[in-house]
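All remarks here apply to the structure that follows.
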Amino acid sequence: MTGTPIEDETPSDPGGIDPPGRALLPEKGVLPEKEPGAFRTIGEVAEDLDVPQHVLRFWETRFTQVRPLKRGGNRRYYRPDDVDLLKGIRRLLYGQGYTIRGVQRILRERGMRFVQAVGRGEQVAPAFVESDHDPEPEAAPPPLGRADRASLTAVLDELRACRRQLARLAPAREATDG
């Protein structure tokens, strides 16, 4: 047996684009590295990013920019740009502590090319502390004038009177319902 590679004898996909061909080294039984421009399967990308395949499928639902080529049987093939984007998403989520919402914000504000550059190590996202609540206002609102305060106090008194009336009606209604 010679040491020359043998082409994988996978039948062509009827969709028009053949899946990337890989040469198998018979003496070792391992697959060689693909060309940089070759499409990657979900298994290859998951292994490269050190995440389970279901995480990549989940990210597809959360990040609309992740759009692998889908072939027969819903097999996913990722382009090099898709892989860079996924690397960027992974780096932001796992390396820099962003939440999914935070990464979505970066994609919206900085764009897909920025996140791809993060994935290639060419850019670093700013340190970002996320919160679930709105930030505190920078300045306190101006104090209310005497007329505004009087109007608001009158409205509050009217609301309290309504609450008292409703409280009196509740026991009478319970008696007729029961």
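Of note:
- A search for C-beta distances below 8 Å between a residue of region 140-164 that is assigned to a helix (DSSP H, G or I) and any residue that is surrounded by 10 or more Cβ atoms within 10 Å (Cβ to Cβ), counting only pairs 6+ apart in sequence or on different chains, returns 152/144.
Let's see how each residue does on (1) over 17 Å from the mean Cα position of the chain (by Cα); (2) more than 21 Å from residue 108 (Cα to Cα); (3) free of Cβ contacts under 8 Å to residues at least 40 places away in the same chain; (4) open to solvent by 70 Å² or more (accessible area, probe 1.4 Å):
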residue: 41; (1), (2), (3), (4): yes, yes, yes, no
residue: 44; (1), (2), (3), (4): yes, yes, yes, no
residue: 53; (1), (2), (3), (4): no, yes, yes, yes
residue: 61; (1), (2), (3), (4): no, no, yes, yes
residue: 64; (1), (2), (3), (4): no, no, yes, yes
residue: 71; (1), (2), (3), (4): yes, yes, no, no
residue: 74; (1), (2), (3), (4): yes, yes, yes, yes
residue: 77; (1), (2), (3), (4): yes, yes, no, no
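- Restricted to region 79-102, and to residues there that are among the charged types (D, E, K, R) and under 12 Å from residue 42 (Cα atoms), the residue that is surrounded by the fewest Cβ atoms within 10 Å (Cβ to Cβ) is 79.
- Within region 103-118, residues that are without any contact (Cβ under 8 Å) to a residue 24 or more places away in the chain and open to solvent by 60 Å² or more (accessible area, probe 1.4 Å) have Cβ atoms under 9 Å from residues that are hydrophobic (A, V, I, L, M, F, W, C) and not in a helix (DSSP H, G or I) in these pairs: 105/128; 110/125, counting only partners at least 6 apart in sequence or on another chain.
The values are calculated or read from the model by the stated rules, or taken from the named source; none is laboratory data. Keep in mind that what you see is a predicted model, and the values were worked out from it rather than measured. Because the Cβ atoms are built from the backbone with ideal geometry, glycine has one as well, and the counts that use them run over all protein chains shown. Side chains are part of the model used for accessible areas, which takes the heavy atoms of the whole protein and leaves out ligands, DNA and RNA. Shrake-Rupley method; radii C 1.70, N 1.55, O 1.52, S 1.80 Å.
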